[in-house]
Each structure stands twice: as C-alpha cells, then as structure tokens.
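The values are calculated or read from the model by the stated rules, or taken from the named source; none is laboratory data. Keep in mind the model is a prediction, meaning the values are calculated, not measured. Reconstructed Cβ throughout: ideal geometry from the backbone, glycine too, with neighbour counts over all protein chains shown. Each accessible area value is taken on the protein alone, full model and side chains, heavy atoms only, with ligands, DNA and RNA left out. Shrake-Rupley method; radii C 1.70, N 1.55, O 1.52, S 1.80 Å.
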Amino acid sequence: MDLVNRPPATADALRARCLDAGLVVDAPVREADLTEVRDYLDAWTGIVDAPEPADRARALNALLAASAAHPRLTDHADTGWHIHYRDDDMTLAGVVCSLVSVGTALHLTGRGMHRLGRCGADGCGRVFADVSRTGRQRYCSPACANRDAVRRHRSR
C-alpha cells in the first residue's frame with residue numbers, strides 16, 4: 001500500500017523502498033523500472049476501485065497474467081527456501097509487479113474479496129488492505145479514524 005500512497009519519485013528511491021521491504025536488489029535500478037512500477041500501480045488501483053468482486057478478479061487476473069509465472073522454490077540469496085511466482089531473469093520492476101500481484105491475490109482470496117479499500121476520511125483517499133478481525137475497516141489509519149470521529153462529533 002505504501003508504494004501506492006507514497007510512490008517513489010526517483011529510481012534510487014524505488015531501490016531504497018525495495019531494500020527496506022527486504023527485497024534482494026542485485027541489479028542496477030533503471031528509470032524504466034520506476035516508470036513501469038508507477039504505471040503498474042496506476043493499473044493496480046483499478047483493483048481497489050473496482051465496484052464488484054468479479055471486477056476485482058478480472059483486473060487482478062490481467063495483472064497476474066502479465067507479471068506472474070508458475071510457482072517455484074528458490075534459495076537464490078542464501079536466505080532460506082521460499083516460493084517465487086516469477087521468472088528468474090526479471091527486471092526490478094517486473095519483480096515488484098509480480099510480488100504485488102501475487103500478494104494481492106493471496107490477500108483477497110485468503111481474507112475476502114472486499115478487503116481492499118480507500119480511506120473514508122474526508123480528503124484522505126489513501127489505499128489500505130483491510131486486516132481487521134471483522135473485515136469492516138473504513139480508514140487507512142487510527143489517525144484518520146480519530147480525525148473523522150472528531151469531525152462527526154463537532155458537526156453535531
């Protein structure tokens with residue numbers, strides 16, 4: 001969600017965000033990677049804004065078809081065995097797109113197709129993944145929820 005809510009402005013910023021997230025970055029990050037990731041994120045928000053579960057599935061399936069591959073086990077960085085849903089020779093942008101697509105698919109199928117949204121606070125609109133127990137999250141953060149509660153209280 002952070003990549004959508006605070007998109008990186010430079011290739012170096014994209015590299016730093018990937019490293020901070022624990023992604024192994026073993027090739028130079030190009031301006032083309034930044035452009036591709038930003039274009040992908042624009043398409044990805046279509047999943048968040050889709051009105052129905054079937055629309056979300058269609059949009060996500062298109063992104064999965066373009067970025068994911070059959071699952072395979074790897075220990076490419078000697079960090080332990082894990083699953084990749086992507087080809088080995090992908091650019092950084094390809095890796096990010098694959099990770100986000102597969103992660104989104106796992107989140108929606110595991111938690112519920114409604115578990116992505118935009119913050120309900122006036123003027124916010126940030127994207128969030130609903131990880132609440134009840135599946136009724138309306139705000140991106142406690143700060144936005146509190147700000148909206150204060151606004152509603154004062155309006156009465």
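Cysteine residues of the chain whose Cβ has no partner cysteine Cβ closer than 4.7 Å: 18, 97, 144.
When 47, 83 are compared by accessible area at a 1.4 angstrom probe, the order from most to least is 83, 47.
When the residues 131, 95 are ordered by accessible surface, computed with a 1.4 Å probe over the protein chains alone, the sequence from largest down reads 131, 95. Highest mobility in the GNM of the chain, judged by mean-square fluctuation with C-alpha springs under 10 Å and restricted to 106, 73, 41, is found for 73.
Per residue, the accessible area of the chain comes to 60 Å² when a 1.4 Å probe rolls over the protein heavy atoms.
Given the alternatives [x] 1.99; [y] 0.99; [z] 1.15, Cα Rg over 2.2 N^0.38 Å as computed for this entry is given by [z].
Per residue, the convex hull spanned by the alpha carbons of segment 87-156 comes to 103 Å³. Considering only 136, 17, 56, the Gaussian network model of the chain with Cα springs below 10 Å gives its largest mean-square fluctuation to 136.
Here each label is just a point 7 Å from Cα along the line to Cβ, and for residue 20 and residue 150 those points are 2.5 nm apart. Give the carbon-plus-sulfur fraction of the accessible surface of segment 89-133 in %, rounded to a whole number; probe 1.4 Å, heavy atoms of protein chains only. Roughly 55 percent, rounded to a whole number.
Over segment 1-61, with every protein chain in place, what whole percent of the accessible area is carbon and sulfur at 1.4 Å, could you tell me? Solvent-exposed carbon and sulfur of segment 1-61 make up 52 percent of the total.
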